[in-house]
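Report on the following structure.
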Amino acid sequence: MGNTLNAKYGLKRVINASGRMSILGVSAPSDTVMEAMKQGGQSYVEIADLVDKAGDYIARILGSEAAVIVNSASSGIALSVAAIVTQGNRRRSERLHQEINPKNEIIILKGHNVQYGAPVETMVYLGGGRLLEVGYANEGRAEHIEDAISDKTAAILYVKSHHTVQKNMISVEEAWDVAQRCGVPLIVDAAAEEDLQKYVKYSDLAIYSGSKAIEGPTSGIVAGKRTFIEWVKVQGHGIGRSMKVGKETSFGLLQALDEYMGKEDKSEQEKALLEALMPLNDIAGVQVSVVQDEAGRAIYRGRIQIDAQQTGITAKEVAERLQNGEIAIYTRDYGVRQGYFDIDPRPLLGDDITVIEAKIRELTGGR
C-alpha cells in the first residue's frame, strides 16, 4: 500500500535502514494502531477530557504520577521548559517571549547540547529558557552541574541519546541525585529510549517519542510529577497551541503503547536478518560485522566497513549513492568519515535486506 501511494504522488520507494529517523517518517505503525487512529479520528470527543484521561492511562503504564501526550519529543522539551520557567502561571505562559522570567536558566552538560535534526538549545529557547552549558565536550561531572546552580536556575536538562557524548559523562541516576540534593527540577529527554518505566524514576519530567521505540503515530509523551505535568498542560494556551495533538493521534498512541508493553524482544531475529549481508565479506575491501547500539540498548546493526583503496569508492560515496538511487536506501551514516556505515534491521520490510545487499555489492564492484 505504501509503495502504491508513493507512486501516486511521485515519491520514491524508500528503504529505511537508518533506524527510527524523523526524516523518513520515523516508524511504520501496525494495522491495529492505524485502525485505532481511524476510529478515533471519526469520532467526537471532549479534547480536554481526552487529554486528562489519556494522560492518566499512560501514567499507569509508565508508573509516573501523571502524563500528557504532546506532538513530538521536541515539543516535549519546549513545553517542559516553558512549564517550569512559568511555573504554570497562565499570564506568564501567554506572554512567554514578551516578559522575560528571571529564573529561566536551564543547565545542560556541554556534551548533551546536540543537533538531532534540530538543536536541543533551540527547543530550550523556544520554551522561554536560557541554556547554560557546563562541563566539557569530553567530560561531564556532577560537580559541573552543582557548581552552576544559582538563583537563576529553573531546571537541569539531561539528554539520554546516542547523539550525545557517551564517554566520561555522568549517568541519569547521578544527575537525579544532584537535582534532588539541590532542590532543582530535572528534565530528562529520553526520546528514543526503550525502557519507558526507567526514566520517570529519575526525573521530574521525562520525555519520550511516541513514534520511535513505541512505533506509534508522530507524537511524544511527557511523564512525571503531577504538579509539573499540570504546568505543561497550561502551555496549551500559549506556545503549545501550535503543537496541539489530534484526537486520532492520541488514540493511535494509546494503542501503540498497549502493544509495545506486550511486545516480544525481537533483537535476536533482527540480528539474524543481518546474516543476509555477510556474503559481502567476500568482496575485497568490504568487511561486515554486527555491532550493538552505542547507547547500550538491545539494538544490533550490521556495520559495513569500506577500504576505499581496495574498492575504489569510499564509505561516504557508497552511502550517498545508496540514498540517491532509484530506490532511496537510507543507512545510518554517522561513521562514514571513519570508513563505515551501519544497517539497522528494525525498520526493514519485505525484501529490503536483499535489495540493500545487492546494491552495496554493485557499488563496491562485487557484482
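The values are calculated or read from the model by the stated rules, or taken from the named source; none is laboratory data. A quick note: this is a predicted structure, and the numbers were derived from the prediction, not measured. In this analysis, Cβ positions are derived from the backbone assuming ideal geometry, glycine residues included, and neighbour counts consider all displayed protein chains. Heads up: the accessible areas ignore ligands, DNA and RNA and are worked out on the full protein's heavy atoms, side chains in. Shrake-Rupley method; radii C 1.70, N 1.55, O 1.52, S 1.80 Å.
Tabulated data for the structure shown
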quantity: Test result for Gln287, touching a residue at least 60 places away in the same chain (Cβ under 8 Å), among the polar types (S, T, N, Q) and in contact with a helix residue (DSSP H, G or I) (Cβ under 7 Å, 6 or more places away or on another chain); calculated: no
quantity: Top-ranked residue in segment 259-292 [being modelled with pLDDT under 90 and of a type in the set (Asp, Glu); ranked as nearest to Tyr340 (Cα to Cα)]; calculated: Glu270
quantity: Any hit, segment 177-187, residues being within 17 Å of the chain's Cα centre (by Cα), in contact (Cβ under 8 Å) with a residue 12 or more places away in the chain, over 18 Å from Tyr202 (Cα atoms) and open to solvent by less than 70 Å² (accessible area, probe 1.4 Å); calculated: no
quantity: Scope segment 313-335; condition open to solvent by 70 Å² or more (accessible area, probe 1.4 Å) and either in contact with an Asp or Glu (Cβ under 6 Å, 6 or more places away or on another chain) or part of a loop (DSSP other than H, G, I, E, B) (or both); matching residues; calculated: Asn324, Glu326, Tyr334
quantity: Any pair with Cβ under 7 angstrom, 6 or more apart, that starts in segment 338-366 at a residue that is modelled with pLDDT of 90 or more and crowded, with 21+ Cβ neighbours inside 10 Å and ends at one that is of a type in the set (Asp, Glu) and not in a loop (DSSP other than H, G, I, E, B); calculated: Pro345/Glu270
quantity: Qualifying positions in segment 300-324 - in contact with a Lys or Arg (Cβ under 7 Å, 6 or more places away or on another chain) and among the hydrophobic types (A, V, I, L, M, F, W, C); calculated: Leu322
quantity: Tabulated pairs, segment 112-137, first within 19 Å of Lys160 (Cβ to Cβ), second assigned to a strand (DSSP E or B) and of a type in the set (Lys, Arg), C-beta under 8 angstrom, 6+ apart or interchain; calculated: Val124/Arg130
quantity: Residue list for segment 274-300, restricted to those being in a helix (DSSP H, G or I) and within 24 Å of the chain's Cα centre (by Cα); calculated: Leu274
quantity: Which numbered condition Pro347 misses (of (1) more than 25 Å from the chain's Cα centre (by Cα); (2) in a loop (DSSP other than H, G, I, E, B)); calculated: (1)
quantity: Residues within segment 146-176 that are more than 20 Å from the chain's Cα centre (by Cα), part of a strand (DSSP E or B) and either without any contact (Cβ under 8 Å) to a residue 60 or more places away in the chain or surrounded by fewer than 19 Cβ atoms within 10 Å (Cβ to Cβ) (or both), tallied; calculated: 1
quantity: Unique residue being modelled with pLDDT of 95 or more and under 17 Å from the mean Cα position of the chain (by Cα) when the list is Asn89, Asn71, Asn16; calculated: Asn71
quantity: Matching option when the condition is open to solvent by 30 Å² or more (accessible area, probe 1.4 Å) and not acidic (Asp, Glu), among Gly224, Gly236; calculated: Gly236
